[in-house]
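> Here it is: the structure, laid out below.
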Amino acid sequence: MEDKIKQLKEEALKAIGETQTIASLDEARIKYAGKKSDLQELLKSLGSAAPEERPKLGALVNEAKTAIELALSGRKAALQKSEQTKKIAAEKVDITMPGKGIRRGHIHPLTQVMEEAKAIFIRMGFEIAEGPEVETDYYNFDGLNIPPHHPSRDMWSTLFIKDDILLRTHTSPVQIRVMEKKKPPLAIIAPGRVYRRDSDASHSPIFQQLEGFLVNKQVTFGDLKGTLTEFLRQMFGKDKNVRFRPSFFPFTEPSAEADVECVMCKGKGCRLCKDTGWIEILGSGMIDPNVFKAVGYDPEKYSGFAFGMGIDRITMLKYGIDNIRLLYENDVRFLEQF
Ligand code: PHE
């Protein structure tokens, strides 16, 4: 009996010492200290032992029980501690690792060029005006001396919303809107988005224009040439030659297109300028008397010039971009280069 108690105690202590997890320790507790454990059975069988042996055996069993319980609680504390250490190690953050960093953005190339163009005119004393992108056909056409059904409407592939409501095809309607409200002298630029039913490598259905106009007494074609030459040289380089070619717009008379010496071949002739040595940049002209009449100005008293340019085209020329779509896809790999 005595040996059996000793053997049980040793077996229990060894098993408890070998447990590696709280779960296996719980199993050992049930096995060695539970209600149905061998030790408990031994305790019950003490009744059949000789009466003089009983106190000694009882003390032995109790001593074994205490030892086992002590071992259980000691092992439990040790296991808990090591499980916690493992958990902390697993959750550890290496604060010396470099951070992910936030990518710094910058202004879109179209906006950069638009800002640059606006700044040049603002330095010359022009003020900014804006108008709606959804326009009536009156402001987009009629007021600009383009009557309904007139073939000149074909110059603009228009996106209509309703019969007389459309997406403006140019920023020229802002001329009418400003002149209806204000009296000369006026020096205005009107930047903004415009829309046309056009789409290829150099045409996008949405693009950006910068309109400008100046009205006063005795404004001449010389004022137009001087102002636009200065603009084009600030934009493309002081050394650049500029030329004006006769053209036609219903809202200007006479009209002219302004060209700048080819940015790629410097006038020698290349693929970009189609061997002409010149790149067309903007449309312009002296404001047509019919436009003045539409806004209630006296064409005998006032004269003025107007111009309009595509900012997308200028951006493409300045940066050597060969497809307009790149400006609208917003692929950062492309945009990062500017
Ligand atoms: N509105 C014209 C266009 O989009 C450009 C222009 C503006 C021409 C002002 C002359 C005067 O084609």
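The values are calculated or read from the model by the stated rules, or taken from the named source; none is laboratory data. Note that the structure is predicted; figures quoted are calculated from it, not measured. For neighbour counting, all protein chains shown are included, and Cβ atoms are generated from backbone atoms with ideal geometry for every residue, glycine included. All accessible areas refer to the heavy atoms of the entire protein, side chains included, with ligands and DNA or RNA removed. Shrake-Rupley method; radii C 1.70, N 1.55, O 1.52, S 1.80 Å.
> Among the residues of segment 222-244, are any hydroxyl-bearing (S, T, Y), in the same structural domain as Y302 (by TED's automatic domain parsing) and more than 12 Å from the ligand (Cβ to nearest atom)?
yes
> Right, another one. Give segment 167-199 a look and list any residue that's free of Cβ contacts under 8 Å to residues at least 40 places away in the same chain and either open to solvent by less than 70 Å² (accessible area, probe 1.4 Å) or under 26 Å from the mean Cα position of the chain (by Cα) (or both), or say none.
Once the filter is applied, which keeps residues that are free of Cβ contacts under 8 Å to residues at least 40 places away in the same chain and either open to solvent by less than 70 Å² (accessible area, probe 1.4 Å) or under 26 Å from the mean Cα position of the chain (by Cα) (or both), segment 167-199 yields L167, R168, T169, S199.
> Which residues, taken from segment 238-265, are over 36 Å from the mean Cα position of the chain (by Cα) and part of a loop (DSSP other than H, G, I, E, B)?
D239, N241, P250, F251
> Going residue by residue through segment 65-78, is there one that turns out to be among the small types (G, A, S) and outside any helix (DSSP H, G or I)?
No, every residue in segment 65-78 fails to be among the small types (G, A, S) and outside any helix (DSSP H, G or I).
> Give the residue that is least open to solvent (accessible area, probe 1.4 Å), with candidates limited to residues of segment 143-166 that are in contact with a strand residue (DSSP E or B) (Cβ under 9 Å, 6 or more places away or on another chain) and away from the ligand (no atom under 13 Å from the Cβ).
In this case the residue turns out to be L166.
> For F213, all conditions in the list (1) assigned to a strand (DSSP E or B); (2) among the aromatic types (F, W, Y); (3) over 34 Å from the mean Cα position of the chain (by Cα) hold save one; what is the number of the exception?
Tallying (1) assigned to a strand (DSSP E or B); (2) among the aromatic types (F, W, Y); (3) over 34 Å from the mean Cα position of the chain (by Cα), F213 fails exactly one: (3).
> Identify all residues within segment 200-221 that are farther than 26 Å from F160 by Cβ, open to solvent by 20 Å² or more (accessible area, probe 1.4 Å) and either touching a helix residue (DSSP H, G or I) at 6+ places or on another chain (Cβ under 6 Å) or away from the ligand (no atom under 12 Å from the Cβ) (or both); write none if there are none.
N216, K217, Q218, T220, F221, listed by residue number.
> Inspect all residues belonging to segment 85-108 and state whether any of them is part of a helix (DSSP H, G or I) and in contact (Cβ under 8 Å) with a residue 12 or more places away in the chain.
Looking through segment 85-108, none of the residues is part of a helix (DSSP H, G or I) and in contact (Cβ under 8 Å) with a residue 12 or more places away in the chain.
> Every residue in segment 28-49 that is over 16 Å from A15 (Cα atoms) and open to solvent by 40 Å² or more (accessible area, probe 1.4 Å), please.
K35, K36, Q40, E41, L43, K44, S45, G47, S48, listed by residue number.
> Turning to a different aspect of this structure: If we scan segment 254-266, do we find a residue that is open to solvent by 10 Å² or more (accessible area, probe 1.4 Å), over 28 Å from P205 (Cα atoms) and within 14 Å of the ligand (Cβ to nearest atom)?
yes
> Within segment 314-333, track down each residue that is modelled with pLDDT of 95 or more and of a type in the set (F, W, Y).
Result: Y328, single match.
> If you don't mind, there's one more thing I want to ask. Determine whether segment 307-321 contains at least one residue that is surrounded by fewer than 13 Cβ atoms within 10 Å (Cβ to Cβ) and acidic (D, E).
No - not one qualifying residue is present in segment 307-321.
> Another one. Check off (1) touching a helix residue (DSSP H, G or I) at 6+ places or on another chain (Cβ under 9 Å); (2) at pLDDT below 85 for H106 and give me the number that stays unchecked.
(2)
> Given (1) in contact (Cβ under 8 Å) with a residue 60 or more places away in the chain; (2) more than 19 Å from A306 (Cβ to Cβ); (3) surrounded by fewer than 12 Cβ atoms within 10 Å (Cβ to Cβ), identify the lone condition not met by E133.
Against the list (1) in contact (Cβ under 8 Å) with a residue 60 or more places away in the chain; (2) more than 19 Å from A306 (Cβ to Cβ); (3) surrounded by fewer than 12 Cβ atoms within 10 Å (Cβ to Cβ), E133 comes up short only on (3).
> Give segment 50-74 a look and list any residue that's under 16 Å from E11 (Cα atoms) and open to solvent by less than 70 Å² (accessible area, probe 1.4 Å), or say none.
Correct list: L60, V61, A64, K65, A67, I68, A71, L72.
> Taking the options G304, G320, G283, name whichever one is within 11 Å of the ligand (Cβ to nearest atom), free of Cβ contacts under 8 Å to residues at least 60 places away in the same chain and under 24 Å from A117 (Cβ atoms).
Exactly one residue qualifies, and that residue is G283.
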